[in-house]
Amino acid sequence: MQKRKKRASKNDLKTLTYIAWVLGLFALVLSALVVGYYLGYESAQNEIAKKPKQERQKQQDLPKKIDDSTKKNDALSGSSVNDRLIEVLKKDVNITNFKEEIKSEKVIKEEINGTKVKKDVPISVIGKEEGGAAHEYEDELIEIPPMPVLKEVRKHTGGRPKLAIIIDDVSTSSEVNALNSLGIILTKSFLPPRNGRPDSAKLASHESQYMVHLPMEAQKFSAEEPFTLRVGDSQQDISHRIKELKELFPKVKYINNHTGSKFTSNEAAMNRLITALNENHIGFIDSRTTAKSEAPKVMRSFGLNYQGRDVFLDHQMDKVNIISQIKEAIKVAQKHGTAIAIGHPHANTILALRESKNLFADVDLVYIDKL
């Protein structure tokens, strides 16, 4: 019995020894982990302390940046049509000295002829070469466009009035896309290709109807286009230029003048131009950049019907005035049976046309060759 008790006592002692060793090892491992954790934490703190102040500031600002980014996305998703159109028109514009002039974003409700519309005061996208219609006749030193040729008042025949809207200075894909997005009949008048807008003829080739906006000499103009027709050009020079344009724009049926107050007021120069246009089966639409235009007289001498601009839509580039000019063009069409309005591919002009769709119910919008 005593031997058995001694063996049990030894066994119990060994078991306790094993347990003590296990507990000791466990305590050692746990201590190592705790020490390692604190050493690592202290090391990390030291690393953070060593980082430049700018880096620590970036980490602190990260939540704010995320919040700002979220707010920005929210703002973009709810951005106004004005902002989106401005971005559309700015895209692909390669002219030099391009500048964006955005004045007040405040929206004002005004009454125009009894109809309330929203007025942006004003939002415009302009370049050195492309302002409102005023750049077409600025050499006249006047605030209003030259008056159109007086028309006879037509007797009412039951037919609907026809209004042709020409958009001058078209030269980029963004302008074409913005105009096409309106979903109304417009006649685009493309400037000839040049450095900064090499694709205007290519863009025109995709249009079923278009015109060419032909640069002509002005009395005084600071941003004259290359290859501008001048009063002193010979018949050979003018015929050669028109032939070149016909090759660039094979579907062209009409041209209208870009600036040209000096050229169109010179009878001899206009005779040479109409001769060249007739040779290429191209008609002439007078932009009426001067009240002294000889185009009516010259056209009659050739046995041709004279067609000229009745209303400039955007000689003043705020949206309220453009809508007022659209209404004026509609009145002219209703009074005389037909009318020609000229505008430019600016943000406010496009917005005004978009907001005037209900007004066009009183006329038939047509391409220029349907007048």
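The values are calculated or read from the model by the stated rules, or taken from the named source; none is laboratory data. From a predicted model like this one, the values you see are computed outputs, not experimental measurements. So basically every Cβ, Gly included, is an ideal-geometry build from the backbone, and we count neighbours across all protein chains shown.
Quick look at the values:
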quantity: Hey, Asn305 part of a loop (DSSP other than H, G, I, E, B) and polar (S, T, N, Q) or not; calculated: yes
quantity: Selected residue (criterion: surrounded by the most Cβ atoms within 10 Å (Cβ to Cβ)) from residues of the range 168-191 that are touching a Leu at 6+ places or on another chain (Cβ under 8 Å) and of a type in the set (A, V, I, L, M); calculated: Val170
quantity: Counted residues, the range 328-344 - those being under 11 Å from Leu163 (Cα atoms), outside any strand (DSSP E or B), in contact (Cβ under 8 Å) with a residue 60 or more places away in the chain and not hydrophobic (A, V, I, L, M, F, W, C); calculated: 3
quantity: Those residues of the range 291-311 which are within 28 Å of the chain's Cα centre (by Cα) and either within 24 Å of Leu245 (Cβ to Cβ) or modelled with pLDDT under 95 (or both), in sequence order; calculated: Gly308, Arg309
quantity: The lone exception for Val231 - which of (1) part of a loop (DSSP other than H, G, I, E, B); (2) buried (at least 21 other Cβ atoms within 10 Å of the Cβ) it fails; calculated: (2)
quantity: Pairs with Cβ under 6 Å, 6+ apart, first in the range 345-371 and without any contact (Cβ under 8 Å) to a residue 40 or more places away in the chain, second assigned to a helix (DSSP H, G or I) and of a type outside the set (A, V, I, L, M); calculated: Ala352/Lys319
quantity: Of residues in the range 234-249 being over 17 Å from Leu203 (Cα atoms) and touching a residue at least 24 places away in the same chain (Cβ under 8 Å), the one surrounded by the most Cβ atoms within 10 Å (Cβ to Cβ); calculated: Ile242
quantity: Residues satisfying the stated conditions in the range 208-228, i.e. assigned to a loop (DSSP other than H, G, I, E, B) and not hydrophobic (A, V, I, L, M, F, W, C); calculated: Ser208, Gln209, Glu217, Gln219, Lys220, Ser222, Glu224, Glu225, Pro226, Thr228
quantity: Extreme residue, surrounded by the fewest Cβ atoms within 10 Å (Cβ to Cβ), among residues of the range 311-327 that are in contact (Cβ under 8 Å) with a residue 60 or more places away in the chain and of a type in the set (A, V, I, L, M, F, W, C); calculated: Val320
quantity: Residues (in a loop (DSSP other than H, G, I, E, B) and under 25 Å from Ala341 (Cα atoms)) located in the range 234-269; calculated: Phe249, Pro250, Lys251, Val252, Lys253, Gly260, Ser265, Asn266
quantity: Lone qualifier among Val298, Val252, Val332 - being crowded, with 17+ Cβ neighbours inside 10 Å, among the aliphatic types (A, V, I, L, M) and out of contact with any strand residue (DSSP E or B) (no Cβ under 6 Å at 6 or more places or on another chain); calculated: Val298
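So that you can scan it fast, the table gives a plain yes or no per residue for (1) touching a Lys or Arg at 6+ places or on another chain (Cβ under 6 Å); (2) at pLDDT below 60; (3) of a type outside the set (Ser, Thr, Tyr):
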residue	(1), (2), (3)
Ile123	no, yes, yes
Ala134	no, yes, yes
Asp139	yes, yes, yes
Pro146	yes, no, yes
Arg154	no, yes, yes
Ile166	no, no, yes
Ser173	no, no, no
Asn180	no, no, yes
Thr187	no, no, no
